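Step one of this worksheet: look at the structure below.
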């Protein structure tokens, strides 16, 4: 939600370069073993949202 345009661009790029003609089981196995470079955990995304907007996103657990 914070970077919708960039996420769409990256998704399109991954589709063209990695996924288009790859069987889904092969792609799933690839992503289970090799994370995408820009992957962020929920905790990392919550922290980024807090830095940018001075509040946690709706539904985020309270910080520890």
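We did not get these values from a lab; they are worked out from the coordinates using the rules stated. Fair warning: this is a prediction, and the values are worked out from it, not measured in the lab.
A few points about this structure:
- Angle between the chain longest axis and helix 42-53 axis [Cα atoms, degrees, rounded to 10]: 50 degrees
- Once the Cα atoms are used to define both axes, helix 4-14 deviates from the longest principal axis of the chain by about 20 degrees.
- Cα convex hull volume per residue for the chain (Å³): 114 Å³
- Axis angle, to the nearest 10 degrees, between helix 24-33 and the longest C-alpha principal axis of the chain: 50 degrees.
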